[in-house]
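Only one structure is covered here, and it is reproduced in the block below.
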Amino acid sequence: MASKFTEAEIKEYQAVFNSFDKDHSGQIDTKELKGVLQELKMFESDAQVTGLIKEVDSNKTGTIEFNEFLDVVLAVKNGKSGGLKFAKVYSKQKELIQVAGHSGVHSFAEEEMSAFAEHINQCLADDKDLKHLLPIEAKGLDLCKKVRDGLLLAKFVNVAVPDTIDERALNKKSGKDLTLFQINENQNLGIEAAKSIGVITTNVGAAELTNGEKYPHLVLGMVWQLVKIQLLNSISLKNHPELIRLLEDGEELSDLMKLTPEQLLLRWFNYHLKNAGSDKRIKNFSSDVKDSTAYTILLNQIAPDKCDKTALSLTDPLKKAEKVIGNAAKLNVKAFLKAGDIASGNPRLNLAFTAAIFNMCPGLDPLSKEELEKAGLMEDDFGDSREERAFRMWINSLGVKDLYLNSLFEDVKDGLALLKTIDKIEPGLVDWKKVENTPNNKFKKISNNNYAVDLGKAKELNLSLVGIGGSDIVDGNKKLILGFVWQLMRHHTLKFLAEVQKKKFGGKPVTDDMIIAWANETVKTSGKTTSMSSFKDPSLSDSRFFIDLLNAIEGRVVNWEYVNDGKTPEEKLNNARYAISVARKLGATIFLLPEDIVEVKPKMILTFIASVMSLQK
């Protein structure tokens with residue numbers, strides 16, 4: 001049987017077979033098949049599962065072996081599967097699109113690929129630069145094909161967080177196909193820009209996105225993160241002070257501020273369920289919403305004149321879900337999920353749907369004058385400074401397992417985040433036997449942070465941490481926390497720079513003066529006359545030096561039509577935006593914002609130049 005397929009096909013079908021054969025015994029038994037059927041939402045009785053195996057089990061062993069599995073594959077391939085029920089199971093499982101990746105076999109749900117394709121179509125339908133790509137077909141791998149030239153994802157990054165990418169830096173299709181160099185520039189820009197807004201890009205590079213059909217799990221993972229950021233980005237107390245209404249008895253504002261957007265959504269959902277007089281509460285966006293009851297009550301509570309509760313009298317899960325989607329449409333919620341996605345309890349799509357409902361109609365009463373004054377006092381408590389954002393995004397970009405910061409000042413309080421970061425940038429330095437892994441009280445949190453401070457002072461890091469103790473971090477001292485994390489970021493930046501430029505520095509530690517000297521010499525050698533005296537040099541505010549530096553690294557990367565004199569504040573900001581996007585086109589990991597350049601923030605200027613320096617071959 002194997003001789004009837006190519007080597008590549010055998011590898012593909014073996015991956016699908018392995019997704020059934022959980023214990024890798026070489027056989028699919030009734031327990032394994034039933035498990036797959038449950039995952040596929042194709043619920044079958046024990047007798048029916050046995051019947052499925054019997055119709056494939058030609059040697060009567062009670063299991064399905066790989067050669068028998070290939071019989072079904074061949075029948076499907078030749079369009080001769082006839083009445084084989086197992087053929088439908090195989091085809092549905094294959095829709096999960098099993099692919100071999102860097103770390104084994106990856107799978108993803110076709111319904112998510114379809115939903116996100118529809119969502120991108122909605123968001124970018126009017127973009128003239130994407131006429132050659134849109135609309136994306138909702139079925140199959142068309143989304144993975146359409147990310148090939150880098151334009152689609154770069155544009156969607158700007159949908160997620162507007163103005164992240166200066167679109168003047170994008171290579172756009174104008175009559176002829178983009179070159180591979182231009183495609184790689186677009187992909188680098190999209191990846192690095194996504195990283196700067198909190199997308200985890202582990203194992204994602206220009207090559208993977210350019211060949212998206214081979215790496216659909218990576219494409220889908222990146223798109224999902226962007227969708228999530230887009231829909232949840234505004235769900236915060238800063239953007240919606242009326243969320244103060246979600247405070248529960250005995251809580252303070254700081255308790256509410258600790259919640260992630262997902263947690264705020266859950267609380268918001270339950271707030272409306274409670275106000276509707278319902279005993280129903282949800283703890284997740286999967287099993288707790290799949291029967292559509294909670295959705296029906298929610299929509300009726302926030303818009304009783306538009307959304308009825310007739311779905312509660314229905315018994316068919318799909319019809320109830322269709323009613324929910326119809327009610328949401330009355331609120332102008334553009335749902336990109338289907339009724340089956342609600343009924344099956346898809347957690348990603350239901351989270352996105354709930355966020356879309358909130359964004360369109362939160363249903364919270366305006367704050368009174370007194371409440372507004374109270375909300376205004378919170379402004380300094382958000383920690384939404386540019387430094388906080390940059391340092392938080394840097395930590396998130398490290399790809400540390402089970403570590404993602406939503407708020408730097410809140411999320412480092414237990415000490416684990418700092419210790420995991422230290423362990424990442426100096427592997428082996430943290431002795432985890434000394435760490436309180438469940439810091440459920442203040443004493444344990446202080447202990448962890450005291451240990452983090454001690455490690456910071458160790459010779460491996462040699463940070464200047466005078467006057468800072470574990471209690472300062474637990475108490476949320478912003479100045480001291482920013483100072484500590486900045487030094488960690490600086491250490492990591494310079495260490496990385498020394499490693500990638502071993503020939504240049506001969507293994508010696510990299511200093512500020514060495515970076516400045518390199519930048520000046522590089523620009524001078526290219527024939528330009530701009531220069532810098534320090535990371536505080538006021539002349540850097542117009543970005544001309546940075547653009548000259550990028551041009552010296554790669555002469556094709558700068559379009560001088562977009563570079564101005566940088567005399568006015570507006571011109572300076574435009575140059576800064578362009579310089580950042582051009583640096584990302586080259587693959588530089590940049591966390592500073594245009595305003596950091598215009599205001600010449602020395603810490604962030606250092607990271608910018610060091611990242612560019614790491615690119616030079």
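The values are calculated or read from the model by the stated rules, or taken from the named source; none is laboratory data. Not measured: the values here are computed from a predicted model. Cβ sites come from the backbone with ideal geometry, for glycine too, and all protein chains shown count toward neighbours.
See the values below:
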quantity: Cross-chain or 6+ apart pairs with Cβ under 7 Å, segment 185-203 first and under 17 Å from R392 (Cβ atoms), then hydroxyl-bearing (S, T, Y); calculated: E192/T589; A193/T164; A194/T201; K195/T201; K195/S397; K195/T589; S196/T164; I197/T164
quantity: Condition met for G363 (buried (at least 17 other Cβ atoms within 10 Å of the Cβ), outside any helix (DSSP H, G or I) and modelled with pLDDT of 85 or more); calculated: yes
quantity: Helices (runs of 4 or more DSSP H) contained in segment 252-350 and holding at least 3 residues over 28 Å from the mean Cα position of the chain (by Cα) and farther than 29 Å from Q225 by Cβ; calculated: 293-302, 317-330
quantity: Residue ranges of helices (runs of 4 or more DSSP H) in segment 114-224 with at least 2 members charged (D, E, K, R) and crowded, with 16+ Cβ neighbours inside 10 Å; calculated: 142-146, 180-196
quantity: Conditions (1) basic (K, R); (2) closer than 24 Å to F409 by Cβ; (3) touching a residue at least 60 places away in the same chain (Cβ under 8 Å); number of the one not met by R267; calculated: (3)
quantity: Failed condition for K433, given (1) among the charged types (D, E, K, R); (2) farther than 20 Å from M393 by Cβ; (3) assigned by TED's automatic domain parsing to the domain that holds R386; (4) in contact (Cβ under 8 Å) with a residue 12 or more places away in the chain; calculated: (4)
quantity: Residue within segment 230-242 that is more than 26 Å from K145 (Cβ to Cβ), surrounded by fewer than 16 Cβ atoms within 10 Å (Cβ to Cβ), touching a residue at least 24 places away in the same chain (Cβ under 8 Å) and not acidic (D, E) present; calculated: yes
quantity: Elements of type helices (runs of 4 or more DSSP H) in segment 388-465, at least 3 residues being farther than 29 Å from I235 by Cβ; calculated: 416-425, 442-457
quantity: Some residue of segment 540-563 being in a helix (DSSP H, G or I), small (G, A, S) and without any contact (Cβ under 8 Å) to a residue 12 or more places away in the chain; calculated: no
quantity: Residue count, segment 482-496 (criterion: surrounded by 17 or more Cβ atoms within 10 Å (Cβ to Cβ) and either under 25 Å from the mean Cα position of the chain (by Cα) or not assigned by TED's automatic domain parsing to the domain that holds S464 (or both)); calculated: 7
quantity: Residues being touching a Ser or Thr at 6+ places or on another chain (Cβ under 8 Å) and part of a helix (DSSP H, G or I) - total across segment 3-36; calculated: 3
quantity: Residue in segment 136-157 that is assigned by TED's automatic domain parsing to the domain that holds S114, touching a Ser or Thr at 6+ places or on another chain (Cβ under 8 Å), more than 28 Å from K572 (Cα to Cα) and modelled with pLDDT under 95 present; calculated: yes
quantity: Residue list for segment 517-538, restricted to those being assigned to a helix (DSSP H, G or I) and touching a residue at least 24 places away in the same chain (Cβ under 8 Å); calculated: W518, A519, T522, V523, T525, P538
quantity: Test: residue in segment 302-316 that is of a type in the set (K, R), surrounded by 15 or more Cβ atoms within 10 Å (Cβ to Cβ), closer than 24 Å to E112 by Cβ and modelled with pLDDT of 95 or more; calculated: no
quantity: Subset of segment 523-536 (residues that are within 19 Å of Q501 (Cβ to Cβ) and either at pLDDT below 95 or surrounded by fewer than 18 Cβ atoms within 10 Å (Cβ to Cβ) (or both)); calculated: K524, T525, S526
quantity: Condition check for G428: at positive phi and not aromatic (F, W, Y); calculated: yes
quantity: Failed condition for R148, given (1) without any contact (Cβ under 8 Å) to a residue 60 or more places away in the chain; (2) touching a Leu at 6+ places or on another chain (Cβ under 8 Å); calculated: (1)
quantity: Answer residue from segment 229-244, given it is in a helix (DSSP H, G or I) and in contact with a helix residue (DSSP H, G or I) (Cβ under 7 Å, 6 or more places away or on another chain) and is farthest from N121 (Cα to Cα) among those; calculated: I244
quantity: From the options K11, K77, K60, residue that is surrounded by 13 or more Cβ atoms within 10 Å (Cβ to Cβ) and either touching a Pro at 6+ places or on another chain (Cβ under 6 Å) or basic (K, R) (or both); calculated: K77
quantity: Subset of segment 395-430 that is more than 18 Å from the chain's Cα centre (by Cα) and of a type in the set (G, A, S) - its residue that is nearest to T607 (Cα to Cα); calculated: A417
quantity: Tabulated pairs, segment 127-138, first within 17 Å of L220 (Cα to Cα), second at pLDDT below 95 and polar (S, T, N, Q), C-beta under 7 angstrom, 6+ apart or interchain; calculated: A138/S114
quantity: Criterion: in contact (Cβ under 8 Å) with a residue 60 or more places away in the chain, in contact with an Asp or Glu (Cβ under 6 Å, 6 or more places away or on another chain) and not small (G, A, S) - qualifying residue of L418, L488, L405, L482; calculated: L482
quantity: Number of positions in segment 573-617 that are in a helix (DSSP H, G or I) and out of contact with any Pro (no Cβ under 6 Å at 6 or more places or on another chain); calculated: 27
